[in-house]
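Note sheet for the following structure.
The values are calculated or read from the model by the stated rules, or taken from the named source; none is laboratory data. Predicted model only: the values in this text are computed from it and were never measured. In this analysis, Cβ positions are derived from the backbone assuming ideal geometry, glycine residues included, and neighbour counts consider all displayed protein chains.
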């Protein structure tokens with residue numbers, strides 16, 4: 001059903017906190033995963049059981065320190081120990097769907113609360129603007145309403161957000177709208193009937209504002225165009241001489257991209273084991289053979305193996321790009337390659353929970369030419 | 001290295017039950033095939049982790065061959081079907097990352113197909129010779 005969170009004096013965040021508090025106090029959920037405000041004006045994700053702490057809840061500040069799917073994986077494992085509410089962005093929900101398929105998280109006992117996502121900024125940019133008083137939630141929400149967050153005082157969105165064509169969350173039990181929603185009319189909410197009843201929320205039919213669909217359609221069309229353009233440009237670079245190794249020439253092998261990737265769930269990555277530790281002579285031989293050999297070794301192997309492990313499930317959240325200290329457009333590379341691989345299997349990550357992961361299933365009569373031609 | 005005397009380095013992962021036995025049959029039948037192929041026996045084509053293929057490729061191998069039982073004949077029922085999907089994914093990844101996916105082959109060769117094994121080796125060595133050495137052989141930056 002549809003309802004609305006009334007907003008007083010334009011205090012959207014206060015209204016949202018009140019709603020979350022209601023969820024926790026009513027017992028609809030036993031704990032809530034949500035970002036809490038911290039001293040420097042930024043946010044840190046937390047699991048909250050004390051409703052009083054929700055006075056610090058802040059799911060609106062447009063930064064994304066982690067992909068929350070990782071957190072929900074930790075919180076649920078095989079099955080959540082209690083009824084949990086989780087507040088996530090659309091790309092976090094998509095990653096979570098993939099983790100469920102990878103058997104690293106569970107949605108039973110989980111109440112998915114999704115907000116429209118107008119886009120997020122790089123943490124460092126946002127901190128800078130906070131200091132000078134230029135970043136302001138009210139201003140951001142006003143831009144968000146029109147779907148115009150591409151720049152806030154010349155601060156660009158995170159690169160992944162600039163080309164995100166899925167800003168509306170799917171699979172939610174509670175969907176809170178920001179696009180087209182004016183504070184004066186409150187926040188429109190689509191909510192599961194049972195929960196709405198237990199919270200005794202009033203039914204407000206036709207709650208989605210008139211302009212919303214127009215805003216969403218335009219935003220999606222613009223972002224999709226950007227995405228297609230960026231992916232095409234990246235494919236051109238990949239096809240060019242050097243391809244992937246040229247792009248990763250400055251990789252320092254910090255493994256940040258793997259650490260922050262919501263899909264990379266292995267407890268011990270193959271590349272953190274001794275598997276590729278060679279005897280000293282090995283490097284000398286390789287150098288003699290080629291004239292030089294790159295160190296640390298196996299850098300391209302690392303990225304190719306990661307592609308092999310996560311490209312089908314890559315939801316383009318861009319955490320890898322944000323985490324790369326060498327400014328390599330990791331997320332764009334992986335999105336460009338991922339899109340090709342996903343297309344080959346007609347697979348859309350994060351979309352259909354019931355759809356099996358392509359690499360754990362098969363049809364006997366498919367790709368029948370493979371194994372005969374080359 | 002001039003193309004005239006280029007001898008490709010090819011690594012072959014052969015499934016124990018079909019292709020490896022097929023290769024054995026090729027040998028006992030005294031069928032000739034080029035010595036460019038280094039064979040590694042695996043229990044199943046489905047046991048060939050794509051990283052087994054990527055490691056030699058990145059290190060400059062000119063080709064990697066995977067041999068398995070014909071679809072429907074897998075000793076473990078479904079290993080080769082899974083290998084096929086992994087192969088398709090790997091081909092897409094290699095291609096879109098700017099590497100030549102034609103250096104990786106997958107063939108279904110049964111234990112009785114010694115002829116097909118020898119023919120496949122001849123065919124692959126000829127194709128790779130045509131393509132020339134892997135550019136990664138001399139690339140220090142990978």
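Observations on the model:
- If only residues of region B:61-96 that are farther than 22 Å from residue A:357 by Cα and out of contact with any strand residue (DSSP E or B) (no Cβ under 7 Å at 6 or more places or on another chain) are counted, the one that is nearest to the other protein chains (Cβ to nearest Cβ) is B:73.
- Criterion (in a helix (DSSP H, G or I), closer than 23 Å to residue B:122 by Cβ and within 14 Å of chain A (Cβ to nearest Cβ)) met by exactly one of B:46, B:22: B:22
- Of the residues making up region A:184-198, those that are surrounded by fewer than 18 Cβ atoms within 10 Å (Cβ to Cβ) and either at pLDDT 95 or above or under 27 Å from residue A:62 (Cβ atoms) (or both) number 4.
- In region B:91-111, residue farthest from the chain's Cα centre (by Cα) [restricted to those that are part of a helix (DSSP H, G or I) and over 13 Å from residue B:62 (Cβ atoms)]: B:96
- Residue in region A:182-191 that is in a helix (DSSP H, G or I), closer than 19 Å to residue A:314 by Cα and touching a helix residue (DSSP H, G or I) at 6+ places or on another chain (Cβ under 7 Å) present: no
- Scanning region A:9-18 for residues that are assigned by TED's automatic domain parsing to the domain that holds residue A:133, crowded, with 16+ Cβ neighbours inside 10 Å and under 16 Å from the mean Cα position of the chain (by Cα) turns up nothing.
- Test: residue in region A:147-159 that is modelled with pLDDT under 95 and farther than 26 Å from residue A:324 by Cβ: yes
- Count of residues meeting criterion [farther than 17 Å from residue B:123 by Cα and surrounded by 20 or more Cβ atoms within 10 Å (Cβ to Cβ)] in region B:26-43: 1
- Restricted to helices (runs of 4 or more DSSP H) entirely inside region A:269-341, those with at least 2 residues that are within 8 Å of another protein chain (Cβ to nearest Cβ) are A:280-290, A:299-310.
- Scanning region A:247-257 for residues being closer than 30 Å to residue A:88 by Cα and within 14 Å of another protein chain (Cβ to nearest Cβ) gives a total of 1.
- Within region A:66-80, the set of residues being at pLDDT 95 or above and surrounded by fewer than 19 Cβ atoms within 10 Å (Cβ to Cβ) comprises A:66, A:74.
- Flag if residue A:93 is in contact (Cβ under 8 Å) with a residue 40 or more places away in the chain and surrounded by 21 or more Cβ atoms within 10 Å (Cβ to Cβ): yes
- Among (1) at the interface with another protein chain (Cβ under 9 Å from one of its Cβ atoms); (2) surrounded by fewer than 17 Cβ atoms within 10 Å (Cβ to Cβ); (3) in contact with a helix residue (DSSP H, G or I) (Cβ under 8 Å, 6 or more places away or on another chain), the one test that residue A:244 misses: (2)
- Residue check for residue B:14: modelled with pLDDT of 95 or more and either within 14 Å of another protein chain (Cβ to nearest Cβ) or touching a strand residue (DSSP E or B) at 6+ places or on another chain (Cβ under 6 Å) (or both): yes
- The residues of region A:342-374 that are under 20 Å from residue A:261 (Cβ atoms), part of a helix (DSSP H, G or I) and either in contact with a helix residue (DSSP H, G or I) (Cβ under 7 Å, 6 or more places away or on another chain) or facing chain B (nearest Cβ under 7 Å) (or both), listed by number, are A:358, A:359.
- Applying the criterion of being in a helix (DSSP H, G or I) and surrounded by fewer than 15 Cβ atoms within 10 Å (Cβ to Cβ) to the residues of region B:112-122, the residue that is farthest from the other protein chains (Cβ to nearest Cβ) is B:115.
- Inside region A:263-306, residues that are in contact with a helix residue (DSSP H, G or I) (Cβ under 6 Å, 6 or more places away or on another chain) and more than 24 Å from residue B:90 (Cβ to Cβ) make up a count of 1.
- In summary, residue A:228 fulfils each of the numbered conditions (1) in a helix (DSSP H, G or I); (2) touching a residue at least 60 places away in the same chain (Cβ under 8 Å) with the single exception of condition (2).
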